[in-house]
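Working notes, structure below.
Here, each number is a calculation from the coordinates, and none is a lab measurement. Bear in mind the structure is a predicted one, so any value in this text is a computation, not a measurement. Glycine also receives a Cβ, built like all others from the backbone with ideal geometry; neighbour counts cover every protein chain displayed.
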Amino acid sequence: MKTNSEKIVRIAELDIDPAQIDAYLALLTEEIEASVEKEPGVLMLHAVSVKDAVEKVRILEVYANRQAYEVHIQTPHFLKYKTLTAGMVTSLNLVDVDPIVLAAK
């Protein structure tokens, strides 16, 4: 069964330089809040860290469609985040996934 077929759903797996984690988390928070507030096509951005490994950040990203994602990566707030965090991110792996159930309360 294929559901939400237009949606772009991805898990971003990032490793952050531990010496820069506080600055990174501040920039990430700013970027996520701006994206969700300003972009109708950004449906969800949930950031978490691996238990007892704050430098291992995982982000569940949900976009309405491919166009919404393309718009997102060109916004000033995203480009600021990418530029300012470039030296903080030691590893980035983007995993495209198929949603099974996306629910929130």
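Of note:
- Taking the longest Cα principal axis of the chain as reference, the axis of helix 21-38 is set at about 30 degrees.
- Other residues with beta-carbon under 14 Å from the beta-carbon of Leu27 carry, at +1 per Lys or Arg and -1 per Asp or Glu, a net charge of -3.
- Extension gain, Glu37 to Thr83: 0.36 nm times the residue separation minus the Cα-Cα distance gives 14.5 nm.
- Taking a Cβ cut-off of under 15 Å around Val54, the surrounding Lys, Arg, Asp and Glu residues balance to a net charge of -3, with basic ones at +1 and acidic ones at -1.
- Nearest 10 degrees, 0 to 90: helix 76-85 Cα axis against the chain principal axis: 40 degrees
- By the rule of a C-alpha distance below 19 Å, with chain neighbours fewer than 8 residues away ignored, the lysines paired with Lys38 are Lys7, Lys80, Lys82.
- Principal axis analysis of the Cα atoms in the range 63-105 yields extents of 35, 23, 22 Å, listed in decreasing size.
- Those residues of the range 44-61 whose amide nitrogen sits under 20 Å from the label point placed on Thr90, 7 Å along Cα→Cβ: 48-59
- In the chain, the convex hull through the Cα atoms has an average projected area of 7.1 nm², a quarter of its surface area.
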